[in-house]
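Here is the structure we will look at, set down as structure tokens.
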Amino acid sequence: MRFKKSGLFGAGMAVIVAATVQVAAQTPTTTVQQDFEAAAALDAKGDKAAALAAWEKLESRTKPGSRSRGVALVRKSAALFKLDRSDDAVIAARGGLALLPAADPTLAEDRWRAYHDLGIIAQNALDYAGAGDAYRSAEAAGDTPSLKAASILALADVSTFTNPAVADAALARIDALAKTVSVDAVLKADIARRHAILLLNRGSYEPARLYAVEAVKQLGGMTSKTDLRDVSARSDAAIASLLAGKSEDARRYMAMTGAGRLTKGEFDPAVQMDVPPCGGEADLRPADMAVVEFTIGDDGIVRNVSPIYAAGGGAVALDFARAVRDWSWTPEQAKALPTFFRYNVRVEMRCSTLFERPSIGKFLDADMAAWLESKGLSLPAEERGADAVAVVSQRAALATAEAKTGPNSIATLPSLYQLINNAVVGREETNALARRALAIAEAQGAPAIARLPLEISVRETASADIWKNGAYARAVTPLLSMPVYANDPKSRATILLLIAESTRSRSRRAVLLQQVVDVTGLAANDPMRVGALIRLASLQQQAGDTAMARTTFDQSGLSASQCAILDAPPRLVSAGGVFPNEAMAWGFEGLTKTQFDVGADGKVINQRAVLSYPPFVFTKAGVQTMAGARYTKTYRPDGGVGCGGLSQNVRFRLPG
């Protein structure tokens with residue numbers, strides 16, 4: 001900086017001294033490059049908080065809109081991600097990526113890291129569609145075989161449950177890539193595992209078994225040395241072998257996972273360990289089944305939840321995974337389990353028929369459809385499991401409507417609404433579509449109940465962390481204060497019911513459900529009121545208050561044979577069943593949760609397993625155990641079912 005000379009020496013010196021002091025206070029003692037290197041060093045050291053502070057400092061020293069600002073934001077995003085600040089990480093990553101020149105090869109790894117982290121954030125939230133979008137971008141950004149391989153494998157993982165054709169193509173690409181570069185055994189195992197899991201979910205059990213066995217082989221085979229990667233690979237091979245009819249092979253692989261063979265303690269049911277009710281948003285059916293993998297933290301909180309296999313489709317797999325995410329053990333229970341056995345736990349699950357849960361979303365769809373029909377428009381009927389196919393025609397229909405009547409016309413709403421509810425459209429795109437659709441609906445004077453599903457979509461897709469405890473309630477509760485919804489009984493009831501669905505505290509959920517029942521102006525047979533009564537009866541029965549559960553269920557106007565409509569369930573007289581020979585020979589212990597009805601003669605009927613650990617080992621034995629059980633007789637004039645929907649845990653312990 002230069003200063004003009006003063007005519008008076010003394011006065012000139014005073015100006016120069018003052019200016020020098022000011023400049024010294026403003027000029028950093030380090031260069032931007034030095035700040036970058038310091039932040040990178042803190043990252044490498046693993047000092048998460050200090051690294052974030054360093055990247056934020058660097059961000060403040062860069063010019064808005066510049067390449068340097070983009071680099072700082074992307075690195076800041078990675079630091080936020082490591083601190084589990086997902087929403088802030090997404091904002092920083094998107095902002096940084098917008099500033100990184102796509103043609104600059106020196107920034108390839110930064111672009112890859114940002115997209116890959118966005119994929120992991122979405123995957124952790126079980127937003128597999130959004131994760132797939134991010135992993136595709138990461139693959140395109142990666143400039144080395146290792147970066148591309150990581151993203152391709154991740155894409156194959158999530159696409160298995162959203163769009164198997166995309167997973168197929170991804171695995172074809174990585175197979176081709178593996179032929180052109182040197183591939184270590186771990187990567188070969190990962191590739192084989194992804195093939196195995198895709199084939200499992202397609203019902204191709206023998207080809208899946210061959211790939212799963214190859215993965216185990218690449219990791220060193222069936223040695224006594226076992227790490228978490230071995231556990232998952234061997235479990236894949238065990239499941240594939242069982243489904244392929246090779247039970248002895250399954251035994252060997254399962255035995256070497258450690259599942260069912262704890263050195264101390266036992267696999268206790270969680271204090272919160274509910275399987276999802278049949279019905280609901282994924283339209284779960286009694287025949288649907290999934291194997292879900294998860295980790296139990298030291299604090300008893302479930303983490304790293306992911307579906308492995310599902311009979312019923314990808315939406316089924318993800319719905320079961322969401323249910324597991326709400327499970328929790330006490331810290332004391334977690335500490336009683338050996339640390340190694342709390343990682344990559346797998347359970348087999350089915351939905352509960354005790355109180356089938358009406359779908360809130362389907363009733364909202366009907367209200368939207370009724371309003372659109374009043375405007376001369378319609379929502380096409382959709383088939384279960386066809387989202388990956390339907391999305392193509394839905395996007396084409398939206399483009400056609402936009403071309404004819406403009407992007408903000410009411411004619412675009414049917415296609416927008418379908419895309420918003422399509423499982424293969426990611427969270428961020430869904431949010432943009434929902435905001436656009438809501439603006440159109442408001443401009444067209446849509447009634448509250450037709451606007452509500454769009455408003456809900458905007459709020460539940462605004463955050464990557466909406467699945468965390470209390471986040472959904474915080475996002476949606478403000479709607480209760482908005483006059484348009486607060487003054488509409490059906491909308492108010494729907495909002496309360498949605499909040500109740502997301503609430504993990506059973507006592508708080510019961511309060512919210514009662515508020516739905518008590519909404520002034522709501523019809524006695526309104527679907528939201530009926531849905532609340534069914535859910536409330538279920539909670540009351542779980543709490544042991546069968547008389548209150550009966551009264552509550554009667555208010556729903558539905559007829560059912562659940563024990564909730566009896567003052568007292570029949571008493572267990574004897575149990576049948578034996579410890580399965582295979583599990584005895586394998587040295588396994590385990591747990592099965594069963595559901596069943598009891599005839600008026602006290603005999604068990606309609607028995608089924610809804611939860612099994614380890615997967616498939618004790619499922620059949622648990623069902624047989626209850627099939628042989630006997631209960632006290634119950635008088636019924638028609639001689640029909642005496643009690644429906646009973647539930648019983650069956651433990652399998654080895655002698656001694």
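The values are calculated or read from the model by the stated rules, or taken from the named source; none is laboratory data. These numbers were taken from a predicted model, which means no experiment stands behind them. As a convention, Cβ positions derive from the backbone with ideal geometry for all residues, glycine included, and neighbour counts pool all protein chains shown.
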Can you work out which of the residues in the range 592-608 that are surrounded by fewer than 22 Cβ atoms within 10 Å (Cβ to Cβ) and among the aliphatic types (A, V, I, L, M) is farthest from L646 (Cα to Cα)?
A600
How many residues does the range 388-407 contain that are part of a helix (DSSP H, G or I) and surrounded by fewer than 14 Cβ atoms within 10 Å (Cβ to Cβ)?
9
In the range 8-64, which helices (runs of 4 or more DSSP H) lie fully inside it and hold 2 or more residues that are over 30 Å from D84 (Cβ atoms) and at pLDDT below 90?
9-26
For K335: the one exception among (1) touching an Asp or Glu at 6+ places or on another chain (Cβ under 8 Å); (2) buried (at least 16 other Cβ atoms within 10 Å of the Cβ); (3) basic (K, R):
(2)
When (1) over 20 Å from G426 (Cα atoms); (2) in contact with a Pro (Cβ under 9 Å, 6 or more places away or on another chain) are applied to R194, the one that fails is (2)
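Each row is one residue, and each column tells you yes or no for (1) assigned by TED's automatic domain parsing to the domain that holds A315; (2) touching a residue at least 12 places away in the same chain (Cβ under 8 Å); (3) basic (K, R).
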{"position": "A79", "(1), (2), (3)": "no, yes, no"}
{"position": "A114", "(1), (2), (3)": "no, yes, no"}
{"position": "D117", "(1), (2), (3)": "no, yes, no"}
{"position": "R136", "(1), (2), (3)": "no, yes, yes"}
{"position": "G142", "(1), (2), (3)": "no, yes, no"}
{"position": "S146", "(1), (2), (3)": "no, no, no"}
{"position": "A185", "(1), (2), (3)": "no, yes, no"}
Residue list for the range 57-80, filter: crowded, with 24+ Cβ neighbours inside 10 Å and among the β-branched types (V, I, T)
V74
Would you call V347 at pLDDT 85 or above, within 24 Å of F161 (Cβ to Cβ), surrounded by fewer than 20 Cβ atoms within 10 Å (Cβ to Cβ) and not acidic (D, E)?
no
For the range 464-482: of the residues being modelled with pLDDT under 95 and under 22 Å from R94 (Cβ atoms), which is surrounded by the most Cβ atoms within 10 Å (Cβ to Cβ)?
A464
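Residue-by-condition table, conditions (1) within 24 Å of the chain's Cα centre (by Cα); (2) not charged (D, E, K, R):
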site: L433; (1), (2): yes, yes
site: A443; (1), (2): no, yes
site: R459; (1), (2): yes, no
site: A464; (1), (2): yes, yes
site: S481; (1), (2): no, yes
Right, F616: assigned to a loop (DSSP other than H, G, I, E, B), at pLDDT 80 or above and out of contact with any Gly (no Cβ under 6 Å at 6 or more places or on another chain) or not?
yes
Of all residues in the range 135-151, which are in contact with a Leu (Cβ under 9 Å, 6 or more places away or on another chain) and farther than 17 Å from L171 by Cα?
A141
Go through the range 535-546 and report how many residues are surrounded by 23 or more Cβ atoms within 10 Å (Cβ to Cβ) and β-branched (V, I, T).
0
Filter the range 180-214 down to residues that are modelled with pLDDT of 95 or more and of a type in the set (D, E) and give me whichever is nearest to N163 (Cα to Cα).
D190
The residue from V598, V604, V650, V610 that alone is at pLDDT 80 or above, in a strand (DSSP E or B) and more than 30 Å from the chain's Cα centre (by Cα) is V604
Here is a list: D236, D274. Which entry is within 29 Å of S352 (Cβ to Cβ), charged (D, E, K, R), modelled with pLDDT of 80 or more and buried (at least 23 other Cβ atoms within 10 Å of the Cβ)?
D236
Could you tell me which numbered condition S378 fails, if it satisfies all but one of (1) modelled with pLDDT under 95; (2) part of a helix (DSSP H, G or I); (3) surrounded by fewer than 20 Cβ atoms within 10 Å (Cβ to Cβ)?
(2)
Enumerate the helices (runs of 4 or more DSSP H) found wholly within the range 141-253, keeping only those where 2 or more residues are touching a helix residue (DSSP H, G or I) at 6+ places or on another chain (Cβ under 8 Å) and within 21 Å of L126 (Cα to Cα).
145-159, 164-178, 185-201, 228-243
